[in-house]
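What follows is a short report on a single structure.
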Amino acid sequence: MKGTSFAKRFAWEIWLPIVLLVVWYFVSERFNSFYCPPLSEILSASAQIWIWQGTIDDVVPSVVRLVSGFIIGTIAGIVVGVALGLWRAAEDAVRPVLEFLRAVPGVALLPLVILFLGVGDSMKIVMIAIVSFWPVLLNTIDAVRSVEPVQLQVSRSFHIGGFDRLAFILLPSSAPQVFAGARTALATSVIAMVFTEMVGSPGGIGYFILNAQRRFDTVDMWSGILVLGIVGYLLNNLFRLVEMKVLRWHHQMTSRAQTGA
Amino acid sequence: MAYVAIRPENPNFRDSPYVKHDHDRPEDAETAADRQSRQADRATSRRRHRGTPGVAPLLSDRPRALRRRELWGTAVYWNAVATTMTSWGLGLLVSVIVGVPLGLIIGSNAKIEVSVRLIVDFLRTIPSIAFLPLALLMFGVDLRTPVILIFLAAVWPLLIQSTYAASQIDPVLKQVRRSFHLSWWQYIRFQFAPSALPFITTGLRIAATICLLTAIAVELLSGAPGVGSQLQGALIVSQSATLYAYVLTAGVLGILINVLLVWLQRVLIWWHPSVRGDAR
């Protein structure tokens, strides 16, 4: 599919989703099941709910929690990862503990976090930060380890040390792998967001979906699921944009290497 | 499922008649020595936390023994572990059966791949937990609920990795197949499997971890039996030692699954540089 025009490519990407939506629309109209209500009803309910009161009440708080938890977890992961990556003895010492903590499914920690922090916003943000911490941490350790040795030798011979070495050699060369870890972290933090909202205090998309089920209101429930998908999709694309911007030099380099120029 | 905030630091709470303490349970036939050691532990832990009255009950009474010795022999504990692992295994199995062939079909043709990309990208960003309310309405607290939600979470990494696996096969291999008149089976065995398996095993490892996570999350939220609902139960009656014991159990299960999958990877792709250990 390389070399085809943008319009043609776009047409190929979009035709199946449209067909499926149309099929869903008409099939769900015909079979009026309680669990899967007609798409037309879901859409009209969605328009009522999410423009704009629901967006302000549920979507915005969810996204704020998600983003703040994700940023806290990512930054903590990078800082600890760089430290452990540089200080080999410490990394060897804590490695078994790290492996164990990483293997504990994040959701199993939820009761503990609730025990300490209650069911409010701080619990949710901390949970999101915890689950996004591990992939970033492990990737950062590996990335700092695998910096090109020649670069380190050059930095030593030119007496580039301390902050400059960190900012101009270590961080740029480990950035691609750190971003790979952060992309995994984003997916798991969306899970953690929905999960914590379902157990925690009211407010948020996860709570909205659960509450709709408790009222046996399947139309609202489906509209919540749809909005959740849209929010997740937009966040993913936003992340991809940031990555493209930050790692532009890297993508240019790899594509040049591939074409042999 | 909503939480009533129980304040564990409330001094009256421990003496409340509604809280069944672990040592009241009949199956806990403990010896005198056990009891003595526990009292000693209590005393030390109280001494340790004297300065911070609110914190002591939050931390386990006996962080060292973690009640495992007592839980170890109970049917409740092993039932919980077995139920969780059953839904883990079934969910992973269904995901593999559906995800891998579908991914291979999608990846084998660039036109199909482009056509489904938007749908896959959209669907995989919806956390499967969001479907929990729907699954509860349809199936109730049943083995089907965790299995279906695990499937919805774990099928995506398998599908995507298998798509990569099928799409990156070297086109030259097809010409080789034609010129050597390889049979269909020979093509699968000697060309397709060696280049696709490394991707699929990676997907399998990611999926196995997600399966455990989803299993525990579903049990915790829905009360379906398993490690997750035991965690939730321990939290509600604020038995922090039991809580820590189950968190530890979840961690051990995670490690065991990881070990199992690494072993499987070794068996399946023993010839691959990443397994042989001479990767550059």
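The values are calculated or read from the model by the stated rules, or taken from the named source; none is laboratory data. This is a predicted model, so every value here is computed, not measured. Ideal geometry is used to build each Cβ from the backbone, glycine not excepted, and the neighbour counts take in all protein chains shown.
In table form, for the structure just shown:
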quantity: Failed item, numbered, when A:VAL27 is tested on (1) closer than 23 Å to B:ALA135 by Cα; (2) in contact with a Lys or Arg (Cβ under 9 Å, 6 or more places away or on another chain); (3) of a type in the set (A, V, I, L, M, F, W, C); calculated: (2)
quantity: Selected residue [within 13 Å of another protein chain (Cβ to nearest Cβ) and surrounded by 20 or more Cβ atoms within 10 Å (Cβ to Cβ)] from A:VAL178, A:VAL190; calculated: A:VAL190
quantity: Residue within the stretch B:166-181 that is touching a helix residue (DSSP H, G or I) at 6+ places or on another chain (Cβ under 6 Å), over 26 Å from B:LEU253 (Cβ atoms) and outside any helix (DSSP H, G or I) present; calculated: yes
quantity: Members of the stretch A:193-216 that are hydroxyl-bearing (Ser, Thr, Tyr) and either within 7 Å of chain B (Cβ to nearest Cβ) or touching a helix residue (DSSP H, G or I) at 6+ places or on another chain (Cβ under 7 Å) (or both); calculated: A:THR196, A:TYR207
quantity: Those helices (runs of 4 or more DSSP H) lying entirely in the stretch B:187-280 with at least 3 residues surrounded by fewer than 19 Cβ atoms within 10 Å (Cβ to Cβ); calculated: B:193-222, B:240-268, B:273-276
quantity: Elements of type helices (runs of 4 or more DSSP H) contained in the stretch A:52-132, each with 2 or more residues being within 14 Å of chain B (Cβ to nearest Cβ), among the charged types (D, E, K, R) and surrounded by fewer than 20 Cβ atoms within 10 Å (Cβ to Cβ); calculated: A:88-103
quantity: Any hit, the stretch B:146-163, residues being touching a helix residue (DSSP H, G or I) at 6+ places or on another chain (Cβ under 9 Å) and surrounded by fewer than 20 Cβ atoms within 10 Å (Cβ to Cβ); calculated: no
quantity: Filter pass, B:GLY228 being facing chain A (nearest Cβ under 8 Å), in contact with an Asp or Glu (Cβ under 6 Å, 6 or more places away or on another chain) and modelled with pLDDT of 85 or more; calculated: yes
quantity: Residue, surrounded by the fewest Cβ atoms within 10 Å (Cβ to Cβ), within the stretch A:203-226, restricted to residues that are within 25 Å of the chain's Cα centre (by Cα) and assigned to a loop (DSSP other than H, G, I, E, B); calculated: A:GLY203
quantity: Matching residues in the stretch B:231-261 - criterion: being at the interface with chain A (Cβ under 7 Å from one of its Cβ atoms), farther than 20 Å from A:VAL97 by Cα and without any contact (Cβ under 8 Å) to a residue 12 or more places away in the chain; calculated: B:LEU235
